[in-house]
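For reference, the structure is listed below as structure tokens.
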Amino acid sequence: MPERILVRLPNWLGDLMLSRPLLHAVRAGRPEAELSAVAPGALLDLIAGEGLFARLHAWTSHGSERDAVLREVRAWRPDVALVLPPSFSSALFAWRCGAARRIGYRHDGRGPLLNRALRRPPRGDLHLSLEYLALGAELGARPGPLPRLKVPAHAVERSASFLARLGSGAGRLALLAPGAAYGPAKRWPLDRFAAVGCHIARRGLSVLVCGAASERAECERVAREAGAGISSVAGDTDLPLQAALCAQAAIVVSNDSGLAHLAAAAGAPTVVVFGSTSSAWTAPLGSRVRVLQHAPVCAPCFQRTCRIGYRCLHAVTVDEACRACDELVA
Ligand code: SF4
């Protein structure tokens, strides 16, 4: 019987993209193994296109549905559980699902639940993708080339009609992502996004402003201020469709958010503005990523809001963002 490896994936899009080196390395290191993933359903829809997992289990906030997932996973009888989220509950899930080997980082009292509990390096000493990769070492996971994210085929088809409806020409598409669920300390000012959008549009690209439904007002403001012909599609895209748009984009300009990681994973030239967090720890992975960060002495503080005026974000200028876009588009 093949080895059965359960992966409790991260709950956040950005972290999921940073776990891809581990996922591909485990697949390469254990080609015969059967892999199963547990994660929020929206993330599973996205990762399904990668073809890494034989089984996908959607994790929800409902207790009865969680119990059903636990029963399914227990019945599958995993040999190994890789626990990527830092929470106590994810380690408890691995313990309850009966995996003989439970691998994760030791903190927040999780040690007794994990029988392969690694010590986590201080935040920022190691890129998060390498922290994840270390969890797979005893499964033969080794650093290797990372393929582009495979966008689900249905999303690629939907993106063609989506863009046609908007009148946007694929191949010369630019995306702006001015949101960040984390909080204001990751959000570059909206007027700066608008100015960059205006600059890109003058170069002949079709500009779309992207975000979640909860970011609609901000995205519409950026689109309005950026000028005629620039549209907001906030709330109109699910993750697979958003990935398909990123894969076609000539440039993506984003805060340090899940969308920046998605764009980089899909191979888009990506300009990403960092504020209170550490690019050494969580910069998006990709050969065409440009990080804009001017960390003051207080950075990285990892705060969601700032008491001293968001100096880190204001230090990033429109001019340098436009220059970065020009270089990447060229
Ligand atoms: S304290 Fe410093 S690093 Fe943190 S948000 Fe404020 S300016 Fe940025």
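Checking the stated criteria, residue 155 turns out not to satisfy the condition of being hydrophobic (A, V, I, L, M, F, W, C) and in a loop (DSSP other than H, G, I, E, B). Scanning the stretch 223-232 for any residue that is within 28 Å of residue 303 (Cα to Cα) and out of contact with any strand residue (DSSP E or B) (no Cβ under 8 Å at 6 or more places or on another chain) turns up nothing. Those residues that are loosely packed, with under 15 Cβ neighbours inside 10 Å and aliphatic (A, V, I, L, M), I need them from the stretch 93-117; list them, please. Of everything in the stretch 93-117, just one residue is loosely packed, with under 15 Cβ neighbours inside 10 Å and aliphatic (A, V, I, L, M), namely 100.
Restricting the stretch 311-330 to residues that are crowded, with 18+ Cβ neighbours inside 10 Å and among the small types (Gly, Ala, Ser) leaves a set whose member that is nearest to the ligand (Cβ to nearest atom) is 321. Evaluated against (1) outside any loop (DSSP other than H, G, I, E, B); (2) free of Cβ contacts under 8 Å to residues at least 24 places away in the same chain, residue 121 falls short on exactly one condition, (1).
When 279, 214, 254, 231 are screened for being of a type outside the set (Asp, Glu), touching a residue at least 40 places away in the same chain (Cβ under 8 Å) and surrounded by fewer than 22 Cβ atoms within 10 Å (Cβ to Cβ), only 231 passes.
Here the stretch 42-72 is the region considered, the condition is being among the small types (Gly, Ala, Ser) and modelled with pLDDT of 95 or more, and the residue that is nearest to residue 242 (Cα to Cα) is 58.
Scanning the stretch 34-47 for residues that are touching a Leu at 6+ places or on another chain (Cβ under 8 Å) and more than 17 Å from residue 258 (Cβ to Cβ) yields 35, 36, 37, 38. Going by the structure shown, is residue 69 part of a helix (DSSP H, G or I), of a type outside the set (Asp, Glu) and touching a residue at least 24 places away in the same chain (Cβ under 8 Å)? Taking the combined requirement at face value, the residue satisfies it.
Remark: residue 144 falls outside the filter, which requires a residue to be modelled with pLDDT under 95, in a loop (DSSP other than H, G, I, E, B) and more than 30 Å from residue 99 (Cβ to Cβ).
Answer yes if at least one residue in the stretch 132-142 is under 24 Å from residue 242 (Cβ atoms), touching a residue at least 40 places away in the same chain (Cβ under 8 Å) and within 16 Å of the chain's Cα centre (by Cα), and no otherwise. Checked against the condition, which is being under 24 Å from residue 242 (Cβ atoms), touching a residue at least 40 places away in the same chain (Cβ under 8 Å) and within 16 Å of the chain's Cα centre (by Cα), the stretch 132-142 yields at least one hit.
Restricted to the stretch 199-310, the set of strands (runs of 3 or more DSSP E) holding at least 3 residues that are more than 16 Å from the ligand (Cβ to nearest atom) and closer than 21 Å to residue 167 by Cβ comprises 206-209, 249-255. For first residues located in the stretch 11-34 and free of Cβ contacts under 8 Å to residues at least 60 places away in the same chain and assigned by TED's automatic domain parsing to the domain that holds residue 257, partners that are assigned to a helix (DSSP H, G or I) and of a type in the set (A, V, I, L, M) and lie 6+ apart or on another chain with Cβ distances below 6 Å do not occur. Would a scan of the stretch 250-265 turn up a residue that is out of contact with any Gly (no Cβ under 9 Å at 6 or more places or on another chain) and either at positive phi or among the hydrophobic types (A, V, I, L, M, F, W, C) (or both)? Looking for residues that are out of contact with any Gly (no Cβ under 9 Å at 6 or more places or on another chain) and either at positive phi or among the hydrophobic types (A, V, I, L, M, F, W, C) (or both), one finds at least one in the stretch 250-265, hence yes.
Applying a threshold of 7 Å to beta carbon distances and a minimum spacing of six or more residues, or different chains, the list of pairs starting in the stretch 295-309 at a residue that is among the hydroxyl-bearing types (Ser, Thr, Tyr) and ending at one that is within 6 Å of the ligand (Cβ to nearest atom) and at pLDDT 95 or above reads 305/185.
The values are calculated or read from the model by the stated rules, or taken from the named source; none is laboratory data. What you see is a predicted model; the values in this text were computed from it and never measured. For neighbour counting, all protein chains shown are included, and Cβ atoms are generated from backbone atoms with ideal geometry for every residue, glycine included.
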